[in-house]
Structure formats: C-alpha cells, structure tokens
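Only the coordinates and a few stated rules stand behind these numbers; no lab work does. Computed from a prediction, not measured in an experiment: that's the story for all the values here. Please note: Cβ atoms are built from the backbone with ideal geometry, for glycine as well, and neighbour counts cover all protein chains shown.
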C-alpha cells in the first residue's frame, strides 16, 4: 500500500513509512485536480501580464525588478543553482525522504502554482530511491529552507548529486538510472519547491520520534538506578502527583510505579534513610516536565505536516495571489528550542544519578567506581567524566537559536527564525542524551551485578537480561568505549523499551 497524499491528512506514521521504511507515495485524484487548476491559473496570469512576486519579478531585494515572459524559465533555474550553497555533512536519507514527502504534500494543496509534471517528478524520485545530497547547513529558516531545498531540486533539473542504491553519483546520472526524465522549471515552480519549512520540519520530526522513545527510556534508567541505590518508591505515590496536577509528572510517576512493581530492592520505605536525593526523588517532576514539553512540540510539528509554507500563495477560486510569510519558521524554531531544553534535562539528571552510582560516598555501600579491584582498576570512574562532558556540551547546544536573527537579502528579509539550526541542535542534544542515559544503564547494570542480581522487579529484570545479552559485567578494566557504543545502539533501536513494555504493557 502506498501513502496517498492530499495536502491535508498526512500523519506522523505516514512520514515514518515513507522516510524510514521506503513506502511508496501517490498523489490523490482530488489533489491532482487542485494542482492542475492552480497551475492553469498561474499560466493565465502570465498571459495577462500580471505583476506577481517570484513569477514576473526577481526575489528578495530584487522583488522590484520585473522579469519578462521570455526570462521566466531562466529565472527559476537561476534561482535553484544560485541558492544551492548549503554546506556541511549531508542530511541522512531518512531526513531527506521526509523533507521530500513534506514538500510534495504541501504542493498537493494546490496553493503553490506548480505543475503536476514537476510535482510527480519529485514523487517519482521518492518512489525510485533518488535521494538528493543535501548539506545540513545554510538555512536561515526564512524564507524557509532555501539553500538546502535548492540542493533537493538540483537533480530534478540535471544538476547536483544524489544517493541512488547506496552510491552517491551525479544527479543527472541518478535520474537516468531511475528512469526519471529531468525537467525544465516553469514560472513560479522553483520558488514553490524551495520556499518553505520541510527541512527543519523533517529534522525536528525525526528528533521528536527519538525524544518520545527517550522519555520512556529515561524512566526505565531511573528505575534501574533506584534498584541499585535502594530507592524509596513512596515518592512516586499517586497521591503525591495527583495534588500537583501536572500531566507529564503523573505519567512519569505512573511509569516508575509500574516498572518497579515487585522490586525487593526499591521499596516504599528504607530503614537506613528517610528520603532520596532529588535525582531519584524528583524524577517524576523533572522527567514529567520534559514530557509536557515534548507534547507541546509534537502539536506544533503535527500541524506543520499539512501546512502550505511557500510564497506567494495562489487562490484560484478567489482570483488572488497573496504574498505572505508562511515560509517563516518561527513556530518551529521556538518549539525546537524548547525541545532542546527538555532533552538536555534528561541528560542532566541522569548524569547526577551516574555520579551517585560511582561515588562511594553516595552509592549506598557499592564498591567505589563500581569495581571490585579499586586502585589497580579505575572501573566506571571516567564514564561519569564522559557523561559530564556531554551534559556540558548540551548547555551550549541548548542556547536558543530563535533569538539569533540575522538580516539578509539587503535587509529586505530583516527577521529570520533560525528554525533549522534549532532543529539540528535539538538532534545533537538528543544524541548526547541517548549516550548519557546509556552510561547510566551501563553503570546501573554493573551496580545490580555487584549487589548480586537479586530481587529485581519483573520489568527491570527484563531490561537487565536484555542488556546482559550484549554486555557482560565488568570485572577488570576494559576498553569501555566499545560497551558504551553497544548501549547507544540499544537505546536508539528501542529494544530496551520494547522488552520492558512486553512485561508492563505500553508505558506512557
């Protein structure tokens, strides 16, 4: 079954199927009709000699420069090749496919004036695995993702590079091998293809999916640490969190109660201490706040999946062409900046739990740095250093990109969102947070082994057993990097969450 797009009903699952799983894409009949109608309207206006931004004028500061009918096609091609000046490492295949799908879906609304031939060329590229090489840096987030999207268009016009069947080759060669004719862009089409927010949305959506898994994984990691440190579960009592009335906090507390149910290590009371430190006692409050932030970001991103974000917009039924600012990425920029803070906090509190596991003054009787041979062996001492370095790095990445506008295009475009930078740095923070939580799980598993592997809850036992299939306890010092990589891979695969949910049912 193909994912059918109409500009109105695209879902996160649809994007995942196309971007990650390679699902095919089809344009609905209704959308096809709207696209044709919109294009016919543009052609009509061209014949009438109407003055329309980006169609019969230049772009940005050149909006007051009139373009003749004869120069219209050259204008569109020049737009693409001149704007294709992004830099940096290529975006992942998943992000590129997601961005291509999002652009197709926006064009399918019929407000962009693109031809069905051009739109269907982009759809054929998705379906036949022609993935343009798109460098990650260069977007200001208004007028949309101009530079990276120009790289998306290059193979369509016989330029640039594309990844095809695992190899990066010249764009025209990839199109030829896939049996897709290159095209000549007509008036308005180049602008319709590159003026919008699909790059930042695609990056943010992929990061958001990881964030949702991380929210569950963080609760599992905290529960494992609570097992190792003889945590007091009374702090997670439902009554405590109901009187606070914060949804995310209630969900995190519920997860902790569920995961730790039946534990003989973490209990409602501990005769040796009255209460836990904040990094254990306040897990629901901290994790829960990040959950609520992720929920907010999700709502913003979900709206953008079916948004028309180019300029100008075509309204054939009203006989109007309106120059607006839907390309401006501010809604996403603010959301992704918020996401950065939320993800940073998962790593921040996790690193504090790691410290309690390895520090003999804080670890409830565990061997110093989780090694039986302290002195000759350093054990887990430097894993905490590694976690701390990434937590510190996150503080830099978490600086809000959205407050850092730089005017462009001769000060004509005098406020920009930096939304793509926000999305990219959110992805960097997610990667760091995943690695820090991996270190916590590594340390907690070692601590459980040192305790004797007894008395675990069914859910934490499932997580521990899953971990032990890949990583052995550390008796003598080893190269820790290789084990940390295994944890990073386990987290990103979603395997730990899956085995826990097989015991508990779906977590919040």
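Our Cα-only numbers for the stretch 177-231 put the radius of gyration and Dmax at 22.7, 68 Å.
Placing dummy labels 7 Å off each Cα toward the beta-carbon, the span from residue 11 to residue 502 is 2.6 nm. Each residue, residue 177 and residue 476, gets one label point 7 Å from its Cα in the Cβ direction; the gap between the two is 4.9 nm. Compared with the alpha-carbon gap, the fully stretched path from residue 261 to residue 317 is longer by 14.1 nm at 0.36 nm per residue. The alpha-carbon atoms of the chain, seen along their principal axes, cover 86, 48, 45 angstrom, with the largest extent given first. Given their separation in residues at 0.36 nm each and the Cα-Cα distance between them, residue 469 and residue 43 gain 147.0 nm when the chain is fully extended. Over the stretch 204-504, all Cα pairs binned in 20 Å intervals from 0 give whole-percent P(r) values of 32, 50, 15, 3, 0, listed from short to long.
Using alpha carbons only, how many degrees (0 to 90, rounded to 10) separate the axis of helix 283-304 from the longest principal axis of the chain? Relative to the chain, helix 283-304 is tipped by roughly 10 degrees.
Extension gain for residue 62-residue 361 works out to 100.9 nm (0.36 nm per residue, less the C-alpha to C-alpha distance).
When the Cα gyration tensor is reduced to axis lengths a ≥ b ≥ c, the ratio a/c is 1.5 or higher for the stretch 57-151, and with a/b not above b/c it is classed as oblate. Modelled spin-label separation between residue 234 and residue 303, with each label point placed 7 Å from Cα along the Cα-to-Cβ direction: 4.5 nm. By how many degrees, between 0 and 90 and to the nearest 10, does the Cα long axis of helix 480-493 differ from the longest principal axis of the chain? Taking the Cα atoms of the chain, the angle to 480-493 is about 60 degrees. With a Förster radius of 30 Å applied to the beta-carbon distance between residue 33 and residue 70, the computed FRET efficiency rounds to 0.50. Of the DSSP beta bridges with both residues in the chain, give the percent that are antiparallel, rounding to the nearest 5. Rounded to the nearest five, the antiparallel share is 75 percent. Within a 10 angstrom radius of the beta carbon, how do 336, 487 rank from fewest other beta carbons to most? Least crowded to most crowded, the residues run 487, 336.
For the pair residue 81 and residue 412, a Förster radius of 22 Å applied to the C-beta separation gives a FRET efficiency near 0.55, rounded to the nearest 0.05.
Compared with the dominant Cα axis of the chain, that is its longest principal axis, helix 72-83 is turned about 30°. Shape of the stretch 259-299 from the C-alpha gyration tensor: oblate (a/c of 1.5 or more and a/b not above b/c, with a ≥ b ≥ c the square roots of its eigenvalues). Among rounded, prolate and oblate, which fits the stretch 218-371 when a ≥ b ≥ c are the square roots of the eigenvalues of its C-alpha gyration tensor, a/c under 1.5 means rounded, and a/b larger than b/c means prolate? Here the stretch 218-371 falls in the prolate category.
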